[in-house]
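Input: a single structure, listed below in structure tokens.
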Amino acid sequence: MKNTDKLISLLDAEKKAKELFDEILVKNFIKSGITESDLSLKIYNHAFEMFGIKQYWHKRIVRSGINTLCPYRENPNNLVIQKDDILFLDFGPIFNGWEADLGRTYVLGNDPIKLKLLNDVEECWYLALDYFNTKINITASDLYNFVFDLALERTWEFGNEHSGHLIGAFPHLKIDGDNFKSYIHPENHILLKGENKNGAKLNWILEIHFISRKNNFGGFFEQLLFEK
């Protein structure tokens, strides 16, 4: 498959994932008084109704309150979503054999700090995208360090040991949790715009996970990193 066709397929999968997330708001699925697992199941069932999909390439994540501090690897206790809460979703649905990976933050109520965080994670994702597109030989470590510094500039901490990972056709080359070369990691000096051993262009998901330990919450935004 040509690299352009691969990117088109990945972007199409992401487009469908965004349609699903849009429907989550239309259907008012996100509300206080239900558990994280309840919300996850509602989204799972609605994804099947919309697209006929039941397969996800990674665990479905709904995290609220203090659980939003936790990176992907952790498996915190199932919480009830509270009034004026903050939460994020991280889903990896598979559409026509192609992986999507989409993450978004939501705020119930009008807490100004939570709303700032919601805006910052999205805005900083696009700042990182612009940075990625201005550098010809950008490495994974370059982009990680840029995102890490953005968190500090916005008065947050960066909440994970990496800021993204490889993505592709399902099942893509297995991501080894102990192998930082699959990740946008501070020790990974691979060229993000490079190719794999088969000559196929690498495709990456960029993750922004900012947290405030002082306030006991975090925010998350992720989607496909692409060249403009």
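All of the numbers you see were taken from the coordinates with simple rules; none came from a lab. Keep in mind it's a predicted model, so treat the numbers as computed, not measured. Reconstructed Cβ throughout: ideal geometry from the backbone, glycine too, with neighbour counts over all protein chains shown.
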Original post:
Roughly speaking, what is the stretch gain from residue 51 to residue 126, that is 0.36 nm per residue apart minus the C-alpha to C-alpha distance, in nm to one decimal?
Top reply: 24.2 nm
Original post:
How much length, in nm to one decimal, is gained on full extension between residue 73 and residue 189, taken as 0.36 nm per residue of separation minus their Cα-Cα distance?
Top reply: 39.5 nm
Subject >> At most 13 other Cβ within 10 Å, DSSP loop - trypsin sites (Lys or Arg not before Pro), region 49-130 >> reply: 54, 59, 73, 83
Subject >> √(5λ) per eigenvalue of the Cα gyration tensor, region 1-119, largest first, Å >> reply: 27, 15, 14
Original post:
Can you list the lysines whose alpha carbon sits under 19 Å from that of residue 181, skipping same-chain ones fewer than 8 residues off?
Top reply: 193, 197, 201
Original post:
Going through the DSSP H helices of the chain, which span 27 Å or more along their own axis at the Cα atoms while scoring at least -0.5 as a mean Kyte-Doolittle hydropathy?
Top reply: 3-26, 112-134
Original post:
Using a Förster distance of 25 Å, how high is the FRET efficiency between residue 32 and residue 119, based on the Cβ-Cβ distance and rounded to 0.05?
Top reply: 0.70
**OP:** Putting +1 on Lys and Arg Cβ atoms and -1 on Asp and Glu Cβ atoms, find which of 108, 29, 209 reaches farthest to the positive end of the dipole of region 3-225.
**Re:** 29
**OP:** Distance between Cα centroids, region 1-54 to region 188-214: provide it in whole Å.
**Re:** 22
**OP:** Could you list the square roots of 5 times each eigenvalue of the Cα gyration tensor of the chain, that is, the equivalent ellipsoid semi-axes, sorted largest first and rounded to whole Å?
**Re:** 27, 22, 14
**OP:** Calculate, in nm to one decimal, what residue 136 and residue 226 gain on full extension: separation in residues at 0.36 nm each, minus their alpha carbon distance.
**Re:** 31.1 nm
Subject >> Total charge dipole magnitude, the chain, about the Cα centre, Cβ charges on Lys, Arg, Asp, Glu only, Debye to nearest 20 >> reply: 340
